[in-house]
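Worksheet: the structure to be examined is printed underneath.
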Amino acid sequence: MSGKSLKIKRIYSILSKAEQLTIVSAIRGGLLNITPVLIVGAFALILKTFPVAAYQTFITNFANGLLLSFFDFIYSATFGVLSIYMTIAICHSYVKIKSDNNVSYIGIVAASLISFFILAGAYLPDFGTDNIGPKSMFLAIITGIGASAFYLKIYEILPFRNRRFYSTGADREFNQMLSYLAPMTLTVLTFAAFNAVIVYAFKVDSFRMLLILAFDKLFSFGESGFIKGFFFVLFSSVLWFFGIHGSDTLESVMQTYFTPLLEVNKAVAAAGGVPTGILNKVFFDCFVLMGGCGATICLLIAILIFSKNRSRRGLGFAAAFPMIFNINELMVFGLPIVFNPIMLIPFISVPLVCYSIGYLATYLGLVPIITESVEWTTPIILGGYRATGSVAGSILQIVNVCVGVLIYSPFIRLLDRKDEEKYRKEYDSFVDYFRRNEYSLSGVKLTEQNNTYGEFAKALCAEIKHGLQKGVDLAYQPQYDNDGNCVGAEALLRWKHPIYGMLYPPIVIKLADEGGFLSDLEENVFMRALSDRHELLCKFGENVKLSINVTGKTVVTPRYLQFCQRLSEKESFKDKNLCIEITEQDALIFDEKTKKALNTLHDLGLYLAIDDFSMGQTSINYLKENLFDFIKLDGSLVKGLLTNNNCREIILSITRLAKSLNLKVIAEFVETSQQRDALKKIGCDIYQGFLYSSAIFISDNKEIINRDTAEK
């Protein structure tokens, strides 16, 4: 292994360990859960602040400001109380990871919210939405994690953990309330005591105020030059990465050191002088915070160009509109960037690079010094032009965006690789679970299970349904007679997922059934097989029988019969050597309706075969009416032929029965000449398996050598 590969592997290992930390997982889970709130709030903010003068005049004057109030209502109910949603979401996510079902979520959420309000200063007379909006996101993370962890620890220690409180006449809800009263009380008292110590020791109103003052103190050094601006951008980005609303948290720093410089520039320009103040709020908004903190418009473009992850690209498209107006909470908390170790380097470095390029270009006179106020929601290109009064301002923004995209792009690819690795592990685990329980799951809906496998099944089912619009792929496994002649080929469903590779076929069928599109899938298989038939005959011979699998529950439905009749009307099936191979016999109820359906298929010129035939009562019942032409042995019988004498005797009984009914017997999973010779001796007619050939794609003549799926 090369040195580069070892370094990459080491980086993966470090990132994996970081992502597996409970705190990181809880925060990312919480951020994901509030994404709908962010979407609604972002669109309300855009409609409220859309930077067109005529539009602003309209919403301000229409019905005495009714529209403006309407947008304000939504914004205040979403972003205005965002930290409340965050506290609840992180608390729920943390408890889901760390706790069992015996702990009350209500008690933990209540304790976390009370602790948050205490640290945020809810007891103060001027307490408002500023204290519980985006500015307090970091505080929400602290209390969501801290209060939940403390509550659970208290719950484990206290003696009543596994007891129930009872009170005369009290109902079950009251008893449950008593069980979380003590840990909630102790949690709240602890956080209240912590806040009291902070207030007393630092002479502040609350712990939240201490954080704000500490940030302001950091910027009390030197003049408002390049170094202070560089440090401002660095610190703001770091705060954002840890879930703190950097722009709002450092707003007092901006107002103290940078905002006044714009007014100075305006005054100098009005007096006919040459402005010299490079740094001001508009400079940061236009040339650094493009798309929002982290210059995330660059990240958005990098995702849309370089990412192959469908969900990530979906997030990019969803976040694109608000990010045009520099509102990027959906991206920051939805990707997420917050507490995402892979995004740390680009998220911090891109704004610093953009800041440095912008400062240098302005210092060298390539771009005019900003003398005009520009609304922070003004899109790039337009914003640069308005701020500088020159096309050079727009060009500078474009240059910064291009540089930012180049920096973000390798990290987007790294995210994709990490996600692919994670998704493949999840798929392997899901397949392993399915195989271990394949028979017991026959009557169970995977997509309705309330566990990780159920969630995965839902997502995969949706992907398969979406992929069906592009059609299906089939491979063909040839069948040979006793003389070594190719007499048939079975069409095998092959579904190649962009990440998981070739899907296990029984899972595809199972999920298609649960998703309600099994009939669509099987009809697609039939039509694809017919379209491949000419090439199939050219490869294997003019007399080759083409077998197409159909489940028992589909083959007798009026829809499938009508489908076959329509195809037959276009081009008759007679003399085409087509065979319907019926799988899942348990789903086939052999009544008059079934007999009529199978006779209809026969009349159309189709042969019929029973898959996985054994000596069970279900299989034997199908032979009474002499409707079938082929029977295919249960694969487990063939696999056990050489080691289990019972398998041999069962196959012998089947072949004798078949001969008496003028049926041909097909044996699949034939992998050795010993198996073939034994099968030939006891009366088999046709063989299918790796001894002869694996499944083959007709279009490119590629063989499929995966033994787990080749004969499924």
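Odds and ends about this structure:
- Test: residue in region 681-689 that is over 30 Å from His602 (Cβ atoms), open to solvent by less than 80 Å² (accessible area, probe 1.4 Å), in contact with a strand residue (DSSP E or B) (Cβ under 7 Å, 6 or more places away or on another chain) and at pLDDT 90 or above: no
- Of all residues in region 273-309, those being without any contact (Cβ under 8 Å) to a residue 24 or more places away in the chain and either under 32 Å from the mean Cα position of the chain (by Cα) or under 19 Å from Ile381 (Cα atoms) (or both) number 1.
- Candidate set from region 295-312 (those that are part of a loop (DSSP other than H, G, I, E, B) and among the polar types (S, T, N, Q)); member that is modelled with the lowest pLDDT: Asn309
- When residues of region 483-523 are limited to those that are in a strand (DSSP E or B) and basic (Lys, Arg), the one modelled with the highest pLDDT: Arg494
- For first residues located in region 456-473 and within 12 Å of Leu446 (Cβ to Cβ), partners that are of a type in the set (S, T, N, Q) and open to solvent by 20 Å² or more (accessible area, probe 1.4 Å) and lie 6+ apart or on another chain with Cβ distances below 8 Å form the pairs Ala457/Thr447; Ala457/Gln449; Lys458/Thr447; Cys461/Thr447.
- Residue satisfying all of: in region 648-666; outside any helix (DSSP H, G or I) and within 49 Å of the chain's Cα centre (by Cα); nearest to Tyr480 (Cα to Cα) among these: Ile666
- Filter pass, Leu315 being outside any loop (DSSP other than H, G, I, E, B), open to solvent by 10 Å² or more (accessible area, probe 1.4 Å), within 25 Å of Phe79 (Cβ to Cβ) and of a type in the set (A, V, I, L, M): yes
- Of the residues making up region 600-647, those that are modelled with pLDDT of 90 or more and in a helix (DSSP H, G or I) number 10.
- Going through (1) surrounded by fewer than 19 Cβ atoms within 10 Å (Cβ to Cβ); (2) within 27 Å of Ser247 (Cα to Cα) one by one, Arg436 falls short only on (2).
- Answer residue from region 318-334, given it is out of contact with any Phe, Trp or Tyr (no Cβ under 8 Å at 6 or more places or on another chain) and buried (at least 22 other Cβ atoms within 10 Å of the Cβ) and is nearest to Thr49 (Cα to Cα) among those: Ile327
- Pairing each residue of region 128-147 that is of a type in the set (A, V, I, L, M, F, W, C) with any residue that is in a helix (DSSP H, G or I) and open to solvent by 20 Å² or more (accessible area, probe 1.4 Å), provided the two are 6+ apart or on different chains, yields C-beta distances under 6 Å for Ile132/Val81; Ile132/Ile84; Leu139/Arg208; Ile145/Ile23; Ile145/Tyr94.
- Among residues of region 84-127 being part of a loop (DSSP other than H, G, I, E, B) and of a type in the set (D, E, K, R), the one that is most open to solvent (accessible area, probe 1.4 Å) is Asp126.
- The set of residues in region 535-562 that are open to solvent by 10 Å² or more (accessible area, probe 1.4 Å) and under 27 Å from Asp513 (Cα atoms) comprises Asn549, Lys553, Val556, Thr557, Pro558, Arg559, Leu561, Gln562.
The values are calculated or read from the model by the stated rules, or taken from the named source; none is laboratory data. Since the structure is predicted, the reported quantities are computational estimates derived from the model, not experimental observations. Neighbour counts are summed over all protein chains in view; Cβ atoms, including those assigned to glycine, are modelled from backbone coordinates with ideal geometry. Protein only, heavy atoms only, side chains kept; ligands, DNA and RNA dropped before computing areas. Shrake-Rupley method; radii C 1.70, N 1.55, O 1.52, S 1.80 Å.
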